[in-house]
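Trainee: The structure follows.
The values are calculated or read from the model by the stated rules, or taken from the named source; none is laboratory data. None of these values were measured; they are calculated from a predicted model. We place every Cβ from the backbone using ideal geometry, glycine too, and count neighbours over all the protein chains shown. In case anyone asks, the SASA skips ligands and DNA or RNA and just uses the protein heavy atoms, side chains included. Shrake-Rupley method; radii C 1.70, N 1.55, O 1.52, S 1.80 Å.
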Amino acid sequence: MTSALTSTPTPDVASAAPATTAPTGCGCPDGQALAAQVSRRTLLAGASALGALGTVVGTAGPSAATQLAFAGAGYTGDTVVVLSLRGGFDGLSAVAPVGDPAYAAARPDIAVPASRAIRLDATFGLHPALAPLKPIWDAGGLAAVHAVGQVNPTRSHFEAMAAMENAAPGSTLRTGWLDRMIGLTGPVTSFSSAAVGAASSPPSMIGPNPEVAVRTVDSFSLGGADDPQERDRWTTALSALYAGAPATLAAPARATLGALATMNPLRAAGYTPANGAAYPQGAVGDALRDLARLIKARVGLRAATVDVGNWDMHSDLGRSDGGWMFRQLTELGQALAAFHRDLGAQMQDVTLVTLSEFGRRVAQNGSGGLDHGHGNVSLVLGGGVRGGKVYGRWPGLAPAALDNGDLAGTTDYRTVLAEALERRAGISASTVFPQLDSARLGLFTAKA
């Protein structure tokens, strides 16, 4: 059976260069190769934005990167956060269809048992490692959209990532959807775009809006000028050097100096999470902690992406009480719950959506893992979310309902993002997502 999403011609987009494949022959990059590929793409993007100034340096965990876009004056919409789960997240583990009889049969060793799932409704249950999210669900601040997919599914990591972040199938647009979003809220300022985490600028930010790379707030500095007196000398010299330069050279300089001026007081002040929030140790906890810090500092943060890897579980996925998936979901659940608690009332002005380039096969393989698939789940967290519900049309897991062995994609992932932009950011989605139809899920309340 073919996908429920209508296919369109492949867009004319540039794909990332191929990485070394794992010796298993699955066509996947191994963890180190994938991280290296992302880092190379990041450095190229950072070099184009900051080449006139050198590199903004910092340290972060190897498997997370955070990108930020700062709005100019006048933007009153939510901070839209995209949490990208790189490597092919298995939505059938995270929000398990324990009420579908075909689920346990397809995964005799790795399915989440109905007895252990945290029931959400008659069909779905949260993986037990995501237990910290259940209170948010019960309070109406968390929802899920199941059977999310792309119109032209592919099992290639890099092709799927490129298509998802371009988000314009059937068009010739080469910009990223977040860059298009950023450009719709008025004149670009020195803080129109920035990157924090592992300095990994994603394809969704490709476009004319400038970027400033930040690995962490605490390590944000101008390379070779971390001492305050030396930093002041560099700032004075660079300001003078680029005072009369053409805009193509002066704009990155001004953006970087502006970012330094904003970040330096935050570094000096330090940070303690509010409301007893405790972030887990690890890349995703560190990244979301920095995001909360910037949101609460009211620096004008409009959009952010956080990339978290290590979801490509072809073997040894584990059971619902331990193993690879359990560890990954434990950190993810704890980090999201801490982010929500830390922001407190300010979560009313934040919308977070999780995405992954594709899901996994319905049936487990002979190595106790899952190969690349199609349909997936998106978690949606925020003050404007109509939560406590699983959205989307569930196609079922019976053999006749599958898309070549995969969960069929019945909701275009762009539909979720488009509604977030329209209802929570006050942005017309037709420019950001050309040719997307007008169907929406009723997932968000309109921002006052």
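Trainee: Residues in region 243-253 that are buried (at least 19 other Cβ atoms within 10 Å of the Cβ) and either among the basic types (Lys, Arg) or not in a helix (DSSP H, G or I) (or both): how many?
Mentor: Qualifying residue count for the region: 0.
Trainee: Taking region 310-327, which residues are open to solvent by less than 50 Å² (accessible area, probe 1.4 Å) and in contact (Cβ under 8 Å) with a residue 24 or more places away in the chain?
Mentor: Those that are open to solvent by less than 50 Å² (accessible area, probe 1.4 Å) and in contact (Cβ under 8 Å) with a residue 24 or more places away in the chain: 311, 312, 313, 314, 315, 317, 318, 320, 325.
Trainee: May I ask you to list the residues in region 175-193 that are surrounded by 24 or more Cβ atoms within 10 Å (Cβ to Cβ) and at pLDDT below 75?
Mentor: If the condition is that a residue be surrounded by 24 or more Cβ atoms within 10 Å (Cβ to Cβ) and at pLDDT below 75, then 192, 193 are the ones that fit.
Trainee: Could I ask something else about it? Where residues in region 396-426 are out of contact with any strand residue (DSSP E or B) (no Cβ under 9 Å at 6 or more places or on another chain) and farther than 20 Å from residue 357 by Cα, which of them is surrounded by the most Cβ atoms within 10 Å (Cβ to Cβ)?
Mentor: Applying the filter and picking the extreme gives 397.
Trainee: Hey, does region 344-358 have a residue that's buried (at least 20 other Cβ atoms within 10 Å of the Cβ), in a helix (DSSP H, G or I), touching a Phe, Trp or Tyr at 6+ places or on another chain (Cβ under 6 Å) and in contact (Cβ under 8 Å) with a residue 12 or more places away in the chain?
Mentor: For region 344-358, residues buried (at least 20 other Cβ atoms within 10 Å of the Cβ), in a helix (DSSP H, G or I), touching a Phe, Trp or Tyr at 6+ places or on another chain (Cβ under 6 Å) and in contact (Cβ under 8 Å) with a residue 12 or more places away in the chain: absent.
Trainee: Can I ask one more? Among the numbered criteria (1) among the acidic types (Asp, Glu); (2) under 21 Å from the mean Cα position of the chain (by Cα); (3) at positive phi, which one does residue 316 miss?
Mentor: Here residue 316 meets the rest and fails (2).
Trainee: Given the condition assigned to a helix (DSSP H, G or I) and not aliphatic (A, V, I, L, M), answer yes or no: does some residue in region 299-322 qualify?
Mentor: no
Trainee: Sticking with this one: Exactly one condition in (1) touching a Ser or Thr at 6+ places or on another chain (Cβ under 8 Å); (2) more than 30 Å from residue 279 (Cβ to Cβ); (3) hydrophobic (A, V, I, L, M, F, W, C) is not met by residue 363; state its number.
Mentor: Among (1) touching a Ser or Thr at 6+ places or on another chain (Cβ under 8 Å); (2) more than 30 Å from residue 279 (Cβ to Cβ); (3) hydrophobic (A, V, I, L, M, F, W, C), the lone unmet condition for residue 363 is (1).
Trainee: Okay, next question. So the check is Cβ under 6 Å with 6+ separation or different chains; which pairs have a first residue in region 421-448 that's closer than 25 Å to residue 389 by Cα and a second one that's at pLDDT 95 or above and of a type in the set (Ser, Thr, Tyr)?
Mentor: From region 421-448, the pairs are 424/351; 441/391; 443/391.
Trainee: Same structure again: Are any residues in region 194-231 in a loop (DSSP other than H, G, I, E, B), more than 15 Å from the chain's Cα centre (by Cα), at pLDDT below 80 and of a type outside the set (A, V, I, L, M, F, W, C), and if so, which ones?
Mentor: 209, 210, 211, 215, 223, 224, 226, 227
Trainee: Separate question: Any chance you could count how many residues in region 400-448 are assigned to a loop (DSSP other than H, G, I, E, B) and hydroxyl-bearing (Ser, Thr, Tyr)?
Mentor: Within region 400-448, residues that are assigned to a loop (DSSP other than H, G, I, E, B) and hydroxyl-bearing (Ser, Thr, Tyr) number 4.
Trainee: Pairs needed: first member in region 219-242, touching a residue at least 40 places away in the same chain (Cβ under 8 Å); second member anywhere, of a type outside the set (A, V, I, L, M) and surrounded by 13 or more Cβ atoms within 10 Å (Cβ to Cβ); C-beta distance under 6 Å; at least 6 residues apart or different chains.
Mentor: Taking only residues 6 or more apart or on different chains, the pairs are 219/58; 220/58; 222/234; 223/54; 223/55.
Trainee: Tell me yes or no: at least one residue of region 322-343 is closer than 22 Å to residue 443 by Cβ and of a type in the set (D, E, K, R).
Mentor: So far as region 322-343 goes, no, none of its residues is closer than 22 Å to residue 443 by Cβ and of a type in the set (D, E, K, R).
Trainee: Let me ask something additional. Might you check whether a residue that is farther than 21 Å from residue 121 by Cβ, open to solvent by less than 30 Å² (accessible area, probe 1.4 Å) and in contact with an Asp or Glu (Cβ under 6 Å, 6 or more places away or on another chain) occurs anywhere in region 379-395?
Mentor: No; the residues of region 379-395 include none that is farther than 21 Å from residue 121 by Cβ, open to solvent by less than 30 Å² (accessible area, probe 1.4 Å) and in contact with an Asp or Glu (Cβ under 6 Å, 6 or more places away or on another chain).
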